[in-house]
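*Asks:* Provided herewith is a single structure, encoded as structure tokens, for subsequent inquiry.
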Amino acid sequence: MISAPEAALIAAAGILSGIVGSAGGITSLISYPALLAAGIPALPANVANIVAVAACWPGSALASRPELQGRASWLRRWAWVTAAGGAIGAVLLLSTPPGAFGRVVPFLVAAGSLALLLQPRLSALRGHRLHTSTPVLAASLLPVSAYSGYFGAGSGVMTLSVLLLTVDQHLARANALKNMLIGTASVTSAVIFIIFGPVDWGAVVPLGIGMFAGSMLGPRLARHIPANLLRWLVALLGIGLAAKLWIAPA
């Protein structure tokens, strides 16, 4: 049973993680350790974190309306891919040992962070005009969204890197698309956990409320922070999380 001070801590972590995640950073970098600090064991904390992250979806959608204008048909097309990935990840979490996938997590997070840092140079090599490559985008989004449904820390950075390289070089617009795609993966995996897995609602409710509030602010910050500064902040957070997960796997 979570006490009132622990619930307040979780809600505050939710606000901060919602801001960071919806602005392009790593939500779980803040929320997951907060759940562990509240005394919740690793697996229930992971499930609670994934379920609560779904609350970022409507908040970031409302705050990102300028960047999402005209992208509804594109999102409807690709949301099915990330929803399928989220379902795959949730099923994997419920049926396989966490350590099997957890050993790969630090390298995936680090790769996404480095790709984010190198994105301007990679884009320059391809020319100023980027074209969406359907096979490449599908092959990238499906495993990343599956990882999002399994654990999720760093999946936003990975998705943002993919979108910047294949869809849109504008960081705020790519970030808005990332929030929507990660949101579909999160909602799908959350539904599966609610139906088939144990969910600690005492942790999910305050965390979800905080994340919703924070996700209303994140896209607005992303709109005003210089793109290069935001890129470095997000990438450094990702590399820090990769190092933490490598030293002390979740």
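*Asks:* When the stretch 42-101 is examined, which residues are found to be of a type in the set (Val, Ile, Thr) and either part of a helix (DSSP H, G or I) or surrounded by 22 or more Cβ atoms within 10 Å (Cβ to Cβ) (or both)?
*Replies:* The answer is Val47, Ile50, Val51, Val53, Val81, Thr82, Ile88, Val91.
*Asks:* Here's a check for you: in the stretch 7-29, which residue that is in a helix (DSSP H, G or I) and under 13 Å from the mean Cα position of the chain (by Cα) is surrounded by the fewest Cβ atoms within 10 Å (Cβ to Cβ)?
*Replies:* Leu29
*Asks:* Separate question: Among Ala37, Ala13, Ala23, which is more than 19 Å from Pro106 (Cα to Cα) and modelled with pLDDT of 85 or more?
*Replies:* Of Ala37, Ala13, Ala23, the one residue that is more than 19 Å from Pro106 (Cα to Cα) and modelled with pLDDT of 85 or more is Ala13.
*Asks:* Out of the helices (runs of 4 or more DSSP H) lying entirely within the stretch 131-250, which hold 1 or more residues that are modelled with pLDDT of 85 or more and surrounded by fewer than 19 Cβ atoms within 10 Å (Cβ to Cβ)?
*Replies:* So the answer is 134-150, 171-196, 201-215.
*Asks:* Restricting to the stretch 29-80, give me the number of residues that are of a type outside the set (Gly, Ala, Ser), out of contact with any Phe, Trp or Tyr (no Cβ under 8 Å at 6 or more places or on another chain) and under 23 Å from Ala235 (Cα atoms).
*Replies:* So the answer is 7.
The values are calculated or read from the model by the stated rules, or taken from the named source; none is laboratory data. This is a predicted model, so every value here is computed, not measured. All Cβ positions, even for glycine, are placed from backbone atoms using ideal geometry, and neighbour counts span all protein chains on display.
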